[in-house]
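Any read-out appearing in this document is the output of simple, stated calculations on the displayed coordinates, not a laboratory observation. Worth saying up front: this structure is predicted, and the values here are computed from it rather than measured. Note that each Cβ is placed from the backbone with ideal geometry, even for glycine, and that neighbours are counted across all protein chains shown.
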Amino acid sequence: MSAAQDEDERARVVEILAPVAVDSTYSYLAPAAMRLSPGDSVTAPLGRREAYGVVWSIDGDSGPGGNLKTVSARLDRPPLSQQLRGFIDWLARYTLTPRGMALRLATRAAEEAGPEAPRMLYRATDNVPERLTPTRARVLKAAEGGVAFAKKALAEAAACSTGVIDALVDEGALEAIAGPAAPIAPPLDPLFAAPALEPAQQDAADALKASLSPRAFKPFLLEGVTGSGKTEVYFEAIARALEAGGQALVMMPEIALTTQFLERFAARFGEKPAEWHSGVGARKRARIWRGCATGDVRVVVGARSALFLPFSDLRLIVVDEEHEGAYKQDDGVSYHARDMAVVRARIEEATIVLASATPSIETRVNAMRGRYGYLRLDSRARARLMPTLEAIDMRKEGPPRGRWIAPRLALAVGETMARGEQALLFLNRRGYAPLTVCHTCGHRFRCEHCDAWLVEHRFRRALMCHHCGHIERRPNLCPECGSEDSLAACGPGVERLAEEAATLFPDARILVLSSDFPGGADRLRRELEEIAKGSFDIVIGTQLVAKGHNFPYLTLVGVIDADLGLGSGDPRAAERTFQLLNQVTGRAGRGDKPGRALIQTFHPSHPVIAALLSGDAEKFYEQEIAIRERAGLPPFGRLAALIVSAKDAATAEAHARALARAAHELPPSPRYRVAAPGAWPEQNEIALLGPAEAPIALIRGRYRFRLLAKGPRSADMQAFLRDMLAGGPKERGGVRVQVDVDPQNF
Ligand code: ADP
Ligand code: ZN
Ligand code: ZN
């Protein structure tokens, strides 16, 4: 036997990670001839089926004996880079997610699409169909001369449906041939239309460009009021990443935001970037996935999941609107995409830009303490002014009972319409009314599965639960006392506000924008375009309209209830309200005309409202950071929540108590210290709070109890959580424990 043969026949032991809910890898034998490397995709027998998996590491030559199964085949798929594998390991460890589940986030797109089908092209043959209608003749004329066309292009050229083409293929008058795949990503030109930047923009752009070479992990906060030209700044960084031959990822919190962005991007770079979110078809996603791995796809704009794409040379990540709550993913694997983007950038040795008009407290502190580069644009681009802000004190100048638009706001809306401009009325409440009450007996409608009131939706003629989606008909009689005509809607939602606006302005073109109207993302996109074109006089919307859009005709913003959300008791409420209101009011005056915002509030002197009105963000951040620091809340301390849920409250609570006991009985660890139950925690101790009913104690028929672990930055929170879960009771009897590291609602 020759040496080469010997080499080929020796099997090696490889560790394979499968995209299933398991943390550990499985060992397999792989023939040396298969030449597997870490990152390669394979199929291998797992239980009774053939499973897909990724080679995580290679252990070396197999010793004698052993009863390992053998890898079946190596798949023709670009390998997952060491960086991406490192990122998956890191994310899994940090969020206490089984590694296989984290891998799944990265490989799902490649797996779901199946093998790629060739793109078919059509051309005329010498055969003449039996029936030659004028339409058919047009098709054949267009497809003659030996040139082959894509089906859609041919149908368009002949002004017919694609069915006509199919019929002609069946009759042999057209033939279908497999064509080359269309390029997934047309080349981008970094110099296509570079704008002249203003001085502040230029400084920021220069700093970002300089950070891109030599290659290193460089985090930045790019802070600038809405309309200050942040996008143009990070476009320059993208251009530089492209010139360096690298890739860039732009993350956006909402899919609906991407449409305008794609257009702007194309205007700057000549072509659109690849788009990545749940609305993109499986086949296209598989091609983008592959394109990222081969380097053909250079820029991706996407939602959270784009973070797991197999980039071959990622140089730049931009997280736009980095403060957005939508970056927190809470079902399945629970992670914060902005934080994980920073981790990915570190592993890839890339530049990361967190852009926002109102950064999260976490990011702001990192920038202020020099951990991140801090780039600021302090005024709007092209000398546009920020909108003027005024409070309407609802205690003094509110509207009559049962109405929500104060006279001063109504007046301003009228004036705005008279000038041919647009007004936005913002109310962060879907539906018609948040609560329905019986005037006779006081009965209130609540969801039978959740700890929540049912919200009336008049367009749907139904009462709906915003937590579980439960829908029921609104009855005519009170279900408790049987009274007729006694049910009353309490409080406003956007639908009710629209009714009021229509009464006040019967001739206005009014649009209500809310996520629960039928038509989904497509309809929303169209409506946003119509607003931008000026097709509506009054737009009434929830936070959907608040975010990032450019509406050139919009000059007036009315905030109907600025206090909504401030009274929730959640320590992040102030930050969130400040960010949201800043964003909403920032919609005004982005075109050539100045903007104005009127803010209806019962508490004009509340620190958040006062900071908003004075435009003094600095003061707000100072106050808020001081509060967080005193309370040891993030980013000054670590937080993790454990939500224990079960079909009945007693089971859930007992399990949560047992977990807490287990935590307090843990043996001493060098990585953390746990405060004694009930004791005031020392500086370096983790305090375990609860169990207590979760903020929403019942969702979808499951009772929820929460344990909150709060500790110093020096404590190894993950080690503590792992030890506690390992020492606690098994999850049985339908009990579920969800771990949420860095919870956003607490
Ligand atoms: P932000 O992302 O900070 O909200 P944008 O980048 O969207 O701001 O810029 C706001 C508006 O100003 C956009 O219409 C943009 O095209 C325009 N703009 C920004 N910078 C410039 C510039 N240097 N020259 C001309 N127009 C600019
Ligand atoms: Zn009643
Ligand atoms: Zn419900």
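Here residue 218 is the anchor, and the lysines within straight C-alpha reach of less than 17 Å, apart from those fewer than 8 places off in the same chain, are 209. In units of the rule-of-thumb radius 2.2 N^0.38 Å, the stretch 199-377 shows an alpha carbon radius of gyration of 0.95.
When each of the peptides 366-376, 708-718 is scored by the mean number of other C-beta atoms lying within 10 Å of its residues, the order from highest to lowest reads 708-718, 366-376.
In a shell of Cβ-Cβ distance under 13 Å around residue 410, excluding residue 410 itself, what net charge do Lys and Arg (+1) and Asp and Glu (-1) give? Residues close to residue 410 contribute a combined charge of -1. Around residue 658, under 15 Å between beta carbons, what's the net of Lys plus Arg minus Asp minus Glu among the other residues? Residues near residue 658 contribute +2 overall. Across the stretch 119-179, the convex hull enclosing all Cα atoms gives 67 Å³ per residue.
Cut-off under 19 Å on the C-alpha distance; same-chain residues fewer than 8 positions from residue 396 excluded. Which aspartates and glutamates are left, in chain and number order? Partners found: 561, 563. Taken along the Cα-to-beta-carbon direction at a fixed 7 Å, the label points for residue 648 and residue 284 span 5.0 nm.
Principal axis analysis of the Cα atoms in the stretch 77-177 yields extents of 67, 21, 20 Å, listed in decreasing size. Taking a straight line from the alpha carbon of residue 284, these lysines sit under 18 Å away, with near neighbours fewer than eight places off in the same chain left out: 151, 152, 272.
In the chain, inverting the average of 1/r over every pair of distinct C-alpha atoms gives 29.4 Å as the Kirkwood radius. The alpha-carbon atoms of the stretch 433-490 define a convex hull whose volume equals 72 cubic angstrom per residue. With N the number of residues in the stretch 180-255, Rg(Cα) / (2.2 N^0.38 Å) evaluates to 1.23. At a Förster radius of 30 Å, what calculated FRET efficiency corresponds to the Cβ-Cβ distance of residue 27 and residue 684, to the nearest 0.05? Working from the Cβ atoms, E equals 0.15.
To one decimal place, what Kirkwood hydrodynamic radius in Å is obtained for the stretch 433-538 from all pairs of distinct Cα atoms? Every distinct Cα pair counted, the radius reaches 15.5 Å. The residues 128, 299, when put in order of fewest to most other Cβ atoms within 10 Å, stand as 128, 299. Counting only cysteine Cβ atoms and a cutoff under 4.7 Å, the chain contains unmatched residues 160, 292, 468, 490. With coordinates expressed along the principal axes, the C-alpha atoms belonging to the stretch 337-477 extend over 64, 46, 29 Å, beginning with the largest. Across every direction, the projection of the convex hull enclosing the Cα atoms of the stretch 12-108 has a mean area of 6.1 nm². If R0 equals 35 Å, the separation of the Cβ atoms of residue 418 and residue 526 corresponds to a calculated FRET efficiency of about 0.80. Fraction of C-alpha pairs exceeding 15 angstrom in the stretch 364-444: 78 percent, rounded to a whole number.
Per the Cα gyration tensor, the stretch 315-362 maps to an equivalent ellipsoid with semi-axes of 18, 15, 7 Å, ordered largest to smallest.
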